[in-house]
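What follows is a set of notes on a single structure, which appears directly below.
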Amino acid sequence: MLGGPEVLRVEEVPVPAPGVGEVLVEVHAGGLNFADTERRRGLYLASEPLPETSGFEGAGVVCALGPGVDAGWLQRRVAFTAPRAHAEYCAVPGGKLIALPDALDFVQAAAFPVQALTAWHVLHTLGRVTPRDVVLVHSAAGGVGQLLVQLAREAGATVIGSVSRDGKQPRVRALGAHHVLTRGPEFLAALQAVAPGGVTLLLEAVGAEVSKEVLPALAPLGRWVTYGSASGAPPPLELEALFEKSVTVSAFWLRTVMPPAVAEGAQGEVLARLLDGRLTQEVTRCALEEAPRVHRRLEAGLTTGKWVFTVR
Ligand SMILES: NC(=O)c1ccc[n+]([C@@H]2O[C@H](COP(=O)([O-])OP(=O)(O)OC[C@H]3O[C@@H](n4cnc5c(N)ncnc54)[C@H](OP(=O)(O)O)[C@@H]3O)[C@@H](O)[C@H]2O)c1
């Protein structure tokens, strides 16, 4: 059943059988995402038949193989993105497995696939960031936001983070943002003060709440990458409005089937940075049974960083 956090419950269900091209993963940890709350509310881009096991990512050990899968995956430690991840066992398409280096534990491994790969693609694959960019990261204290701040800073750009509450500012500053602004009636004026030429690359998944401020914030030839709508769907975009500043708009979804070299390239870049510490994630651990409470906090915008549950 779709609805509020109260529709979530922990239940015994049959262990899934891996289909053609799939493996069965014995899940050790799973990542909670804002998208889990959107799916639960019936607002997500993709749907599964109900009743549905929630979750889009996890980490564990491959314990069985479906037909057509390379036998080398058996007993491998993996991270993965796949539906129905919030369970003790998950059937995962072979193409969605990420082999784990020994140095990453399962909690770290369950934390990164959705948020860190999204951040990489938003900033690099679509955003094509350069050191000359003035980058605005909306909701910079969130899971994806914190990663975007670190990656943009590493890329040599000037980084401005926005948050909805002053209390989120210190975390974003500590990650290397040059400026952190709390959104409110004076936001555009404050942005103008720190970026008088405008923002050259604007990254946001807030949607409706910031939709009126996107074009005024951009510099001529500015790029805008949208990757979600946490505050609700924005009004339809008038193409005519893009001409004055010759704006480029891109939309990102991690489920897009990308060329393997692009997908694997991003995985390699992200893993290398998690291992050498260039990229860090603020991870809060919880139990699977706490999912309703975590959903409530995610939906209210009260969390910072990443939430991960463990089941073993
Ligand atoms: N396209 C993709 O493939 C993809 C992949 C991953 C995530 N996403 C999207 O990216 C966004 C961030 O994901 P995340 O995992 O980093 O989530 P998160 O940690 O929960 O961060 C979401 C942030 O959105 C902001 N927000 C603005 N309006 C909100 C509202 N009305 N209710 C709740 N939060 C609101 C909050 O930051 P402030 O309070 O500071 O504004 C919150 O921290 C979500 O919209 C998610 O769906 C998209």
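Of all residues in the stretch 181-205, those that are part of a strand (DSSP E or B) and in contact (Cβ under 8 Å) with a residue 40 or more places away in the chain total 6. Checking each residue of the stretch 223-230 against the condition of being within 14 Å of the ligand (Cβ to nearest atom), buried (at least 18 other Cβ atoms within 10 Å of the Cβ), of a type in the set (S, T, N, Q) and in a loop (DSSP other than H, G, I, E, B) gives at least one match. Within the stretch 19-57, the set of residues being of a type outside the set (Val, Ile, Thr), part of a strand (DSSP E or B) and touching a Gly at 6+ places or on another chain (Cβ under 6 Å) comprises GLU22, GLU26, HIS28, GLY30, GLU57. Residues in the stretch 246-267 that are within 18 Å of TYR44 (Cβ to Cβ) and exposed (fewer than 14 other Cβ atoms within 10 Å of the Cβ): ALA251, TRP253, ARG255, THR256, VAL257.
Flag not set for LYS168, criterion: closer than 30 Å to PRO18 by Cα and basic (Lys, Arg). On the given criteria, is VAL214 assigned to a strand (DSSP E or B), of a type in the set (A, V, I, L, M, F, W, C), out of contact with any helix residue (DSSP H, G or I) (no Cβ under 6 Å at 6 or more places or on another chain) and closer than 27 Å to GLY143 by Cβ? The answer is no for VAL214. For the residues LYS245, LYS168, the requirement of being among the basic types (Lys, Arg) and either at pLDDT below 95 or out of contact with any strand residue (DSSP E or B) (no Cβ under 7 Å at 6 or more places or on another chain) (or both) singles out LYS168.
Every residue in the stretch 1-60 that is touching a residue at least 60 places away in the same chain (Cβ under 8 Å), over 19 Å from THR256 (Cα atoms) and among the acidic types (Asp, Glu), please. Once the filter is applied, which keeps residues that are touching a residue at least 60 places away in the same chain (Cβ under 8 Å), over 19 Å from THR256 (Cα atoms) and among the acidic types (Asp, Glu), the stretch 1-60 yields GLU6, GLU26.
List pairs: first residue in the stretch 292-312 and among the hydrophobic types (A, V, I, L, M, F, W, C), second residue near the ligand (Cβ under 7 Å from one of its atoms) anywhere in the structure, Cβ distance under 6 angstrom, at least six positions apart or on different chains. Short answer, once both residue conditions are applied: LEU298/PHE34. Residue check: is ASP70 farther than 27 Å from ARG285 by Cβ, in contact (Cβ under 8 Å) with a residue 40 or more places away in the chain, in contact with a helix residue (DSSP H, G or I) (Cβ under 8 Å, 6 or more places away or on another chain) and acidic (Asp, Glu)? In short, no. Applying the criterion of being closer than 21 Å to THR130 by Cα and in contact (Cβ under 8 Å) with a residue 60 or more places away in the chain to the residues of the stretch 140-160, the residue that is surrounded by the fewest Cβ atoms within 10 Å (Cβ to Cβ) is GLU154. Annotation: of all residues in the stretch 161-180 being in a loop (DSSP other than H, G, I, E, B) and within 12 Å of the ligand (Cβ to nearest atom), the one that is farthest from ASP133 (Cα to Cα) is ARG165. Only one entry in LEU151, LEU188 is under 25 Å from ASP36 (Cα atoms) and touching a helix residue (DSSP H, G or I) at 6+ places or on another chain (Cβ under 9 Å), namely LEU151.
Number of residues in the stretch 275-289 that are among the hydrophobic types (A, V, I, L, M, F, W, C) and either away from the ligand (no atom under 15 Å from the Cβ) or loosely packed, with under 13 Cβ neighbours inside 10 Å (or both) equals 3. For LEU104, the criteria (1) in the same structural domain as VAL23 (by TED's automatic domain parsing); (2) within 16 Å of the ligand (Cβ to nearest atom); (3) surrounded by fewer than 22 Cβ atoms within 10 Å (Cβ to Cβ) hold in every case but one, which is (2).
Residue-by-condition table, conditions (1) away from the ligand (no atom under 11 Å from the Cβ); (2) in the same structural domain as LEU148 (by TED's automatic domain parsing); (3) not hydroxyl-bearing (Ser, Thr, Tyr):
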position: ARG273; (1), (2), (3): yes, no, yes
position: ALA291; (1), (2), (3): yes, no, yes
position: GLY301; (1), (2), (3): no, no, yes
position: THR304; (1), (2), (3): no, no, no
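The values are calculated or read from the model by the stated rules, or taken from the named source; none is laboratory data. Everything numeric in this text was worked out from a predicted model, so none of it was measured. In this analysis, Cβ positions are derived from the backbone assuming ideal geometry, glycine residues included, and neighbour counts consider all displayed protein chains.
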